[in-house]
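Any read-out appearing in this document is the output of simple, stated calculations on the displayed coordinates, not a laboratory observation. Model, not experiment: these values are computed from the prediction. Heads up, the Cβs are rebuilt from the backbone with ideal geometry, glycines too, and the neighbour counts pull from every protein chain shown.
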Amino acid sequence: MAYDHYIAICKPLHYGTLLGSRACVHMAAAAWGGGLLHAVVHTANTFSLPFCQGNAVDQFFCEVPQILKLSCSHSYLREIGVLVVSICLFFGCFVFIFLSYVQIFRAVLRIPSEQGRHRAFSMCLPHLAVVSLFVSTAMFAYLKPPSVSSPLLDVVMAVLYSVVPPAVNPLIYSMRNQELKDALRKLKTGCFSAIFPPNYSQRIS
C-alpha cells in the first residue's frame, strides 16, 4: 500500500507503467516469501525445542513467546537467531514503508491546493495508522521486559496486532468507495427505522 500511494501521489503519470501486473506479482511474491521464511524459521525452532512445562499456552493462539515459556531448555542462541531473522525482515519492511511515506509527505506538502493536500493525506493516513498500530503493539509484545508481562496484557497486545489490523483494513481502505458509503448510509437508515418506526414519536406524544 505504501508503494501504491507513493506512485499514485509522486508519479501519477507513470502509475500504469510502474505498478503494472508484473510489479504487483513481484511485491506479492516478496511479501509471501518473507512471511513463509519467517514462519519456517519459527516452526523449525519450535519443533527443535524440548517441552516440559505442560501443553497449555497462555494465549488464544500459539504465539512464539508463549511457546518458548513451555520449553525446558534455555537455548538463548536459538532465540537470538529467530529474533535476528525477524528483525531483519521487519526492518526491511519498515525502511521500505518509511522511505515511501517520506517521499509522499514531501510531495503532498508541495501541493498548492489545500483541498488537494487534504485529499492526499486522507488517502495515506488510514494505512499509516494501521501500520503504526501493528508495529507498535507487535514490538511491545515481543520486546517488552518480562517484569511487565501479565496474561491480560499479553492477550490485549496480541489482539491489537493480530486481530485489529486485518479486521479494520477492508473497512478503512473501502471507505473511499462511494458505493460502500451509500450502502452504509442505507443500512444505517434502515436500522434506525427498524428501531424507531415513523409513528414512534406519535405514540410517545
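Which whole-number percentage describes the relative contact order of the chain, with Cα contacts under 8 Å and a sequence gap of 6 or more?
Details: 102 pairs, mean separation 44.3, N = 205.
Value for the chain: 22 percent.
For the chain, which span is the longest to avoid every loop-located (per DSSP) member of trypsin sites (Lys or Arg not before Pro) having at most 12 other Cβ atoms inside 10 Å?
Maximal segment without exposed cleavage sites: 1-109.
Rank the residues Ser132, Ser100 as a footprinting-exposure proxy: fewest other Cβ atoms within 10 Å of their Cβ go first.
Ser132, Ser100
Could you work out the local net charge near Thr17, counting Lys and Arg as +1, Asp and Glu as -1, over the other residues with Cβ closer than 15 Å to its Cβ?
+1
Cα gyration tensor of the range 74-176, axes a ≥ b ≥ c as square roots of the eigenvalues: rounded (a/c below 1.5), prolate (a/b > b/c) or oblate?
prolate
Aspartates and glutamates within cross-link reach of Lys69: Cα-Cα under 18 Å, excluding same-chain residues under 8 positions apart?
Hits, sequence-local ones excluded: Asp58, Glu79, Asp154.
I need the GluC sites (Glu not before Pro) found in the range 43-139, filtered to DSSP loop residues with at most 13 other beta carbons within 10 Å of theirs.
Listed in order of number, the matching sites amount to none.
Which of rounded, prolate or oblate describes the chain when judged by the alpha-carbon gyration tensor and an a/c cut-off of 1.5? Could you put the intermediate results ahead of the total?
Working: a/c = 2.59, a/b = 1.32, b/c = 1.95.
Since a/c reaches 1.5 but b/c is at least a/b, the shape of the chain is classed as oblate.
Suppose every Lys and Arg Cβ carries +1 and every Asp and Glu Cβ carries -1, with no other charges. What dipole size does the chain come out with about its Cα centre, to the nearest 20 debye?
Taking the Cα centre of the chain as origin, the dipole is about 740 debye.
From Cα coordinates alone, what are the radius of gyration and Dmax values for the range 30-122 in angstrom?
Values for the range 30-122 (Cα only, Rg and Dmax): 20.6, 64 Å.
Ignoring everything except DSSP H segments at least 4 long, calculate the 222 nm mean residue ellipticity for the chain; use -39,500 (n - 2.57) per segment, divide by total residues, nearest 500. Display every interim value, and only then the final one.
On the way: 10 runs with 156 residues, N = 205.
After summing the helix terms and dividing by residue count, I get -25000 deg cm²/dmol.
Whole Å is fine, so just give me how far the alpha carbon centre of the range 90-169 lies from that of the range 16-76.
20
Dipole of the range 2-162 (Lys/Arg Cβ +1, Asp/Glu Cβ -1, origin at the Cα centre): which of Pro146, Val108, Val57 lies farthest to the positive side?
Sorting the options by dipole projection puts first Val108.
So which chymotrypsin sites (Phe, Trp or Tyr not before Pro) in the range 29-84 end up in coil per DSSP with only 14 or fewer other C-beta atoms within 10 Å?
Phe60, Phe61
Quick check on the exposure proxy: order Val148, Val85 from fewest to most C-beta atoms within 10 angstrom.
Val148, Val85
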